[in-house]
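Report on the following structure.
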Amino acid sequence: MKKKDLFIYYSNSMMGSSRTGEVITFESLVRLAKSRAFIKSIKKYKNVYFYCPSFTGFARPFLTAVICRLLGSKTCYWVDKENNHLRIGIKELCRQFSVFFKEQLTYKTYLRTVKEELADLLKEEHCKTQKSFEGIPCYLRCDMSYGYIAGGSIGHIAGVVNNLEQITGNSPLFISSDTIPTVDHAIIQHIIKGEVSFGNIRDISSIAYNEICYDALESFIGNKKIMFLYQRSALNAYAGIKYALKNQIPFVLEYNGSEVWISGKWGGRKLKANEISEQIERLTFDKADLITCVSRALQEQLVQNGVSESKIIVNPNGVDPNKYRPELSGKAVRKIFNIDQDKIVVGFIGTYGAWHGAEILAQAFANTVSSREYGEKLHFMFIGDGQRMPDVKRIISSSGFQEKCSFTGVVPQNEGPDYLAACDILVSPQIKNPDGTPFFGSPTKLFEYMAMGKAIIASNMEQLAEVCENGKTALLCEPGSVSELSDAILRLASDKALRDRLGANARKEVCEKYTWEIHTKKIVEALQRKMEAPNV
């Protein structure tokens, strides 16, 4: 049998035009490499092409090179986003092995150096020389994730960046590890570039990445006067606070949860340099002038870690109500997926993380579409893709009603409103944390749902229950309860007046309290108060 070519894409969003051969994502490649099926896949393909953000912009390049090469019987190429080609042959494998071997020999010495630097930074006084808001705001995004065009983080970054000029009067200096597609075109995106060290050692590359980020800050800022430096928290990221300390400028940390905790609880593994990762978190907490977090649960977590409550603001996520609005038509999207206009569509949008609860909605699917009274009227739409999507598809497939469900794949952030417009009921079925700690998230999807003026079903916990009022702006269900979620879906399917009333109330609530403009203004005003206060 003639062998096919294999095309591997680092992320769904990097997939180009149709290819003659098999197409998978990098995530699928990782799953294949860990499975028994990998042995049977050796030399299964003719040529292998791996499309990646850069030749060093992902974890474990040497192991990835070996796996890619084993899958192909003829040639293997890596292709970066600049369309540069790197042939993975014996010569390149030998070069990568030498890098791998050197990193194994030197990483412990490197970590000792980092530990000393962190200790010195903790001793530095952050006695800012500026007391007035002058200069330009600088936003730093330095997490090592590439190729993403949708998701809560993309919405959050753009939401803040796009509103900084209106709030501060100056266009922001935006420095990022990758382009963010929904940032206003008028804002220049300064992209961090450089070869990452220790890529072959789990988690150590994100520590080494601080050197590249710090150099980028020095280069892009130059002699510009910075009003404040705002950094979105990321695993092992401390370049921002280092620069702020060295240059005595105000520092704002956007804290979305402990990456150390997330890795252990949701990632299922302890970080390679766990002690240093915790030290980095303590440094950013201790030296930040202001910490903005999206939920009360995160505020409590910070206080428990010794952070003064006086420098924390609780600031839920938000939405741009001019982009997400009820007037949008979903007819075109329904047509793409052959969904009749008279169907009642139940929708979910997300990146399918462990906490999103998409599997709960998938289980409720079978219960509701099999309903004698309303089953024929219902259709489900799962928008997006991610880690738990294989589980969702497996549940739907086993139900026997696959024809009543559509999977859209990854949808660019700016097209998200059109897909939500195609739905009548929108679900945010987050589940509780596995260790019993409070859910600390602030689902961006919830605010987008509200702005669309759609009927919402959400989990009755933490911030979701604070933002939504049961029976007024949403129906709330017990987290993880398939039966309660099913009942709520059927209730809304049977009552259009209730759907309309919930949607209108939700739209009004979000426009009054939870826009990105309001969110950004809270941050700037809180920092301004801190800077103008005596003895700061």
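The values are calculated or read from the model by the stated rules, or taken from the named source; none is laboratory data. Note that the structure is a prediction, hence the values are computed from the model and not measured. Methodologically, a virtual Cβ is constructed for each residue, glycine included, from the backbone with ideal geometry; neighbour enumeration extends over all protein chains shown.
Look through I175, I154, I167 and report the one residue that is in contact (Cβ under 8 Å) with a residue 12 or more places away in the chain and either surrounded by fewer than 21 Cβ atoms within 10 Å (Cβ to Cβ) or out of contact with any helix residue (DSSP H, G or I) (no Cβ under 9 Å at 6 or more places or on another chain) (or both). Give the derivation first.
Numbers: I175 fails: either surrounded by fewer than 21 Cβ atoms within 10 Å (Cβ to Cβ) or out of contact with any helix residue (DSSP H, G or I) (no Cβ under 9 Å at 6 or more places or on another chain) (or both); I154 fails: either surrounded by fewer than 21 Cβ atoms within 10 Å (Cβ to Cβ) or out of contact with any helix residue (DSSP H, G or I) (no Cβ under 9 Å at 6 or more places or on another chain) (or both).
It is I167.
Under 9 Å between Cβ atoms, which residue pairs at least 6 apart in sequence (or on different chains) link something in region 18-43 that is in the same structural domain as V66 (by TED's automatic domain parsing) and farther than 16 Å from R388 by Cα with a partner that is among the acidic types (D, E) and surrounded by 14 or more Cβ atoms within 10 Å (Cβ to Cβ)?
R19/D5; T20/D5; G21/D5; E22/D5
Can you name the condition, by its number, that F58 falls short on among (1) in contact (Cβ under 8 Å) with a residue 60 or more places away in the chain; (2) assigned to a helix (DSSP H, G or I); (3) of a type in the set (F, W, Y)?
(2)
Would you mind stating whether I167 is farther than 26 Å from E281 by Cα and not in a loop (DSSP other than H, G, I, E, B)? Quick ask: steps written out before the conclusion?
Working: farther than 26 Å from E281 by Cα: yes; not in a loop (DSSP other than H, G, I, E, B): yes.
For I167, the condition - farther than 26 Å from E281 by Cα and not in a loop (DSSP other than H, G, I, E, B) - is met.
Check off (1) in contact with a Ser or Thr (Cβ under 8 Å, 6 or more places away or on another chain); (2) not in a loop (DSSP other than H, G, I, E, B) for F220 and give me the number that stays unchecked.
Condition not satisfied by F220: (1).
Suppose we keep only residues that are surrounded by 22 or more Cβ atoms within 10 Å (Cβ to Cβ) and of a type in the set (G, A, S) within region 499-517. Which one would you say is farthest from E165 (Cα to Cα)? Before you say what the answer is, go through the steps one by one.
As a first pass, look at region 499-517 and keep what is surrounded by 22 or more Cβ atoms within 10 Å (Cβ to Cβ): 502-503, 506, 510, 516.
Narrowing further to those that are of a type in the set (G, A, S): 503, 506.
Numbers: G503: 31, A506: 28 Å.
Once the filter is applied, the top-ranked residue is G503.
Could you look through region 369-384, keep only residues that are of a type outside the set (G, A, S) and crowded, with 23+ Cβ neighbours inside 10 Å, and pick out the one that is farthest from L420 (Cα to Cα)? Steps first, answer last, please.
Filtering region 369-384 down to residues of a type outside the set (G, A, S) leaves 369, 372-374, 376-383.
Narrowing further to those that are crowded, with 23+ Cβ neighbours inside 10 Å: 369, 378-383.
Numbers: V369: 20, L378: 16, H379: 14, F380: 12, M381: 9, F382: 10, I383: 9 Å.
The selected residue is V369.
Residues A455, A421, A451, A366: which one is more than 17 Å from S483 (Cα to Cα) and out of contact with any strand residue (DSSP E or B) (no Cβ under 8 Å at 6 or more places or on another chain)? Please lay out each step first, then the result.
Details: A455 fails: out of contact with any strand residue (DSSP E or B) (no Cβ under 8 Å at 6 or more places or on another chain); A451 fails: out of contact with any strand residue (DSSP E or B) (no Cβ under 8 Å at 6 or more places or on another chain); A366 fails: more than 17 Å from S483 (Cα to Cα).
Just a single option satisfies the conditions, and that option is A421.
Looking at L485, L426, L492, L446, which is the one that is part of a strand (DSSP E or B) and either surrounded by fewer than 17 Cβ atoms within 10 Å (Cβ to Cβ) or not acidic (D, E) (or both)?
Numbers: L485 fails: part of a strand (DSSP E or B); L492 fails: part of a strand (DSSP E or B); L446 fails: part of a strand (DSSP E or B).
So the residue among L485, L426, L492, L446 that is part of a strand (DSSP E or B) and either surrounded by fewer than 17 Cβ atoms within 10 Å (Cβ to Cβ) or not acidic (D, E) (or both) is L426.
If a residue must be outside any helix (DSSP H, G or I) and touching a residue at least 60 places away in the same chain (Cβ under 8 Å), how many such residues does region 270-285 contain? Can you show your working first?
Of all residues in region 270-285, those outside any helix (DSSP H, G or I) come to 270-273.
Next cut, touching a residue at least 60 places away in the same chain (Cβ under 8 Å) only: 271-273.
Of the residues in region 270-285, 3 are outside any helix (DSSP H, G or I) and touching a residue at least 60 places away in the same chain (Cβ under 8 Å).
Could you grab the pairs with beta carbons closer than 8 Å, sequence gap of 6+ or different chains, first residue in region 404-422 and within 18 Å of N322 (Cβ to Cβ) and in the same structural domain as A455 (by TED's automatic domain parsing), second one assigned to a helix (DSSP H, G or I) and among the hydrophobic types (A, V, I, L, M, F, W, C)?
Q413/I154; Q413/A158; D418/A332; D418/V333; Y419/V333; A421/V333
Which residues, counting only those in region 236-257, are surrounded by 21 or more Cβ atoms within 10 Å (Cβ to Cβ) and not in a helix (DSSP H, G or I)?
Those that are surrounded by 21 or more Cβ atoms within 10 Å (Cβ to Cβ) and not in a helix (DSSP H, G or I): N236, A237, Y238, I249, P250, F251, V252, L253, E254, Y255, N256.
Could you run through region 61-95 and say how many residues are part of a helix (DSSP H, G or I) and out of contact with any Gly (no Cβ under 7 Å at 6 or more places or on another chain)? Please lay out each step first, then the result.
So in region 61-95, the residues part of a helix (DSSP H, G or I) come out as 61-71, 90-95.
When the remaining residues are screened for being out of contact with any Gly (no Cβ under 7 Å at 6 or more places or on another chain), the result is 62-71, 90-95.
Of the residues in that region, 16 qualify.
Looking at region 133-177, which of its residues are among the polar types (S, T, N, Q) and more than 17 Å from K224 (Cβ to Cβ)?
The initial filter retains those residues of region 133-177 that are among the polar types (S, T, N, Q), namely 145, 153, 162-163, 166, 168, 170-171, 176-177.
Scanning region 133-177 gives S145, S153, N162, N163, Q166, S177.
What number of residues within region 366-403 satisfy the criterion of being more than 26 Å from the chain's Cα centre (by Cα), in a helix (DSSP H, G or I) and either within 29 Å of D495 (Cβ to Cβ) or in contact (Cβ under 8 Å) with a residue 60 or more places away in the chain (or both)? Working first, answer last.
Going residue by residue through region 366-403, those that are more than 26 Å from the chain's Cα centre (by Cα) are 366-379, 397-403.
Keeping just the survivors that are in a helix (DSSP H, G or I) gives 366-369, 375-377, 397-399, 402-403.
Filter again for either within 29 Å of D495 (Cβ to Cβ) or in contact (Cβ under 8 Å) with a residue 60 or more places away in the chain (or both), leaving 366-369, 375-377, 399, 402-403.
Residues in region 366-403 being more than 26 Å from the chain's Cα centre (by Cα), in a helix (DSSP H, G or I) and either within 29 Å of D495 (Cβ to Cβ) or in contact (Cβ under 8 Å) with a residue 60 or more places away in the chain (or both): 10 in total.
Residues being in contact (Cβ under 8 Å) with a residue 60 or more places away in the chain and more than 20 Å from G330 (Cβ to Cβ): count how many of those fall in region 438-460.
7
Every residue in region 286-332 that is part of a loop (DSSP other than H, G, I, E, B), of a type in the set (D, E, K, R) and within 22 Å of the chain's Cα centre (by Cα), please.
Hits for region 286-332 are D320, K323.
Residue check: is Q304 free of Cβ contacts under 8 Å to residues at least 24 places away in the same chain and surrounded by 18 or more Cβ atoms within 10 Å (Cβ to Cβ)? Full working, then the answer.
Details: free of Cβ contacts under 8 Å to residues at least 24 places away in the same chain: yes; surrounded by 18 or more Cβ atoms within 10 Å (Cβ to Cβ): no.
So Q304 fails the test.
Could you say which residue among K34, K81, K2, K43 is out of contact with any Asp or Glu (no Cβ under 7 Å at 6 or more places or on another chain), surrounded by fewer than 17 Cβ atoms within 10 Å (Cβ to Cβ) and modelled with pLDDT of 95 or more? Step through it out loud before you land on a result.
Values: K34 fails: modelled with pLDDT of 95 or more; K81 fails: modelled with pLDDT of 95 or more; K2 fails: modelled with pLDDT of 95 or more.
Only one candidate qualifies: K43.
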